[in-house]
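Structure first, commentary second.
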Amino acid sequence: MPQPAPLISRQDEITPTWLSAVLARNGHPDAIVEGLTAESIGTGQVGENLRLTLAYAASGEQGPASLVAKLPSPNEVSRSTAVAQGIYQREVYFYVQIAQTVGIRTPRCWHADVSSEGDRFVLIFEDMAPALPGDQILGCSTDQAALAMGEAARLHAPRWNDPALGDLAWLSRPSPESAALLQVVYQGVLPGFEARFAERLPGSVIDLARRFGQRIGAWAADLSGPRAVSHGDFRLDNMLFGDKDGGTSLAVVDWQTCSHGHPASDVAYFLGAGLLPEARRQEEGKLLALYHEELLALGVSGYGLESLHADYRRFSFSGFVMAVVASQIVEISERGDAMFAAMATRHAEQIADLGAEAALP
C-alpha cells in the first residue's frame with residue numbers, strides 16, 4: 001500500500017517526492033517525478049492556485065504532464081478571513097464527501113488534505129487546460145449562461161431536499177443565528193464599502209446598500225423553500241469553459257462557500273452579474289425555464305416554474321450582499337475592486353428590474 005503524502009500548505013513544500021506519493025495513491029505507483037515547475041494561475045481572493053508541470057524519470061511510468069495545486073493565500077488578511085470562516089475546510093470536505101454525489105462537472109481531485117484547525121490545506125486537481133476561465137467583469141454569452149444553468153441543475157437536483165445533508169456539520173446553512181450575524185457584519189463593513197466605492201458606483205447603488213442594510217437580517221432569516229447543495233459563489237471567475245480546441249464544456253471550481261442552501265440563490269447570483277444587464281433582461285426568462293426543465297428531467301418534483309421565478313426575485317440580493325461584504329474582507333486589488341463594482345451595479349439593476357425591494361420582509 002503506498003504511503004500517504006504528508007499534509008503540506010506552501011509552494012516550497014511541493015516536492016518531486018511528495019508528488020510521487022500523491023500519484024502512487026492514485027493509480028500511478030511507478031511514476032517517479034524528477035522535477036517540476038510552478039506558475040501562478042487564476043484570480044482567487046483567498047487561495048493560491050498553481051499549475052505544476054511535471055518531469056518524470058525515463059525509466060518509470062509517465063503520469064499526467066501537469067496538475068493544479070490549490071493552497072492557502074499568501075496574504076495574511078485573506079488567509080485569516082478564510083480560516084475564521086472555515087473556508088479551507090469546507091472546500092476540502094466538499095471534494096471528499098459531496099463531489100461524487102452530485103452531477104456537476106468539477107476537476108478531478110487527486111489529493112485533498114486539511115488540518116484540524118483549518119489553517120493548512122492542499123488540493124491537487126487535474127489540469128483543465130485548454131479550458132479558459134470566465135471573466136466576471138466582461139460578462140458572458142447567452143450560450144455560456146445556458147451551460148451554467150445546466151450545471152446548476154446538475155448540482156442541485158441530486159441532493160434536493162436531502163435530509164442527510166443536515167448531518168454534515170461542516171456544511172454551512174442559513175439559520176436565525178446566521179441571519180443575525182450577517183446583519184451585524186453587513187452593517188459593520190458598509191461604511192468601508194461606501195468610502196471605497198463612492199467614486200466607482202452610482203449614488204443609487206450606494207443608497208440601495210444603505211436601505212438593504214436595514215432589512216438584510218429579516219431577508220436572511222426567511223428559511224422557506226427547498227434546500228440542496230449550493231455553490232455560494234456561482235460566478236464566471238469560478239468557471240472553466242472549453243475553448244475552440246476542445247476540452248470540457250464547463251467545469252466549476254472554488255467550493256469554499258458551498259452550503260446547504262436555497263438552490264435559487266446560485267441561479268440569481270449567476271444571472272444577475274454574469275450576463276450584462278440588457279442581455280439578462282432579454283434572456284433570463286428562457287434561462288430560468290432551461291434550468292427548471294433540467295431539474296424536472298433529473299427527478300425534482302413539487303417545485304413549479306412560478307415558484308422559481310419568485311425565488312429568483314427574492315435571491316437577486318445574494319450577489320449584492322457578496323459585493324458589499326466580500327469586498328471588505330479580502331485582499332484589495334484593482335481587479336478585485338473592478339469586479340465588485342461591476343457586481344454591485346449589475347445586481348442593483350437586477351433588483352430594480354424585478355421590483356425585489358418591494359418583496360422584502
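The values are calculated or read from the model by the stated rules, or taken from the named source; none is laboratory data. Bear in mind the structure is a predicted one, so any value in this text is a computation, not a measurement. Here the Cβ positions follow ideal geometry from the backbone for every residue, glycine too, while neighbour counts run over all protein chains shown.
Applying the set (1) over 23 Å from Glu349 (Cβ atoms); (2) charged (D, E, K, R); (3) at pLDDT below 95; (4) crowded, with 17+ Cβ neighbours inside 10 Å to Lys244 leaves exactly one unmet item: (4).
Of all residues in region 102-112, those satisfying the criterion of being among the aliphatic types (A, V, I, L, M) and not in a strand (DSSP E or B) are Val102, Ile104. Entry remark, region 317-349: residues being farther than 18 Å from Arg200 by Cα and modelled with pLDDT of 95 or more number 2 in total. Those strands (runs of 3 or more DSSP E) of region 1-101 in which at least 2 residues are more than 25 Å from Leu132 (Cα to Cα), considering only elements entirely within it, cover 33-41. List the pairs whose first member sits in region 306-335 and is in the same structural domain as Arg227 (by TED's automatic domain parsing), whose second member is of a type in the set (S, T, N, Q) and part of a helix (DSSP H, G or I), and whose Cβ atoms are under 8 Å apart, counting only residues at least 6 apart or on separate chains? Final answer for the pair search is Phe315/Ser265; Ser316/Gln350; Ser318/Ser265; Gly319/Gln350; Ile329/Thr81; Val330/Ser78; Val330/Thr81; Glu331/Ser78. The C-beta contact set for region 1-24 (first residue without any contact (Cβ under 8 Å) to a residue 24 or more places away in the chain, second residue assigned to a helix (DSSP H, G or I), distance under 7 angstrom, 6+ apart or interchain) comprises Gln3/Ala21. What do you reckon, is Leu305 touching a His at 6+ places or on another chain (Cβ under 8 Å) and either over 30 Å from Ala169 (Cα atoms) or modelled with pLDDT under 95 (or both)? Judged against the criteria, Leu305 is a match. Checked against the criterion of being assigned to a helix (DSSP H, G or I) and within 26 Å of Gly192 (Cα to Cα), region 254-265 has at least one qualifying residue.
In region 180-212, of all residues being surrounded by fewer than 18 Cβ atoms within 10 Å (Cβ to Cβ) and small (Gly, Ala, Ser), the one that is farthest from Ala348 (Cα to Cα) corresponds to Ala180.
Mind checking whether some residue in region 103-112 is at positive phi and more than 17 Å from the chain's Cα centre (by Cα)?
no
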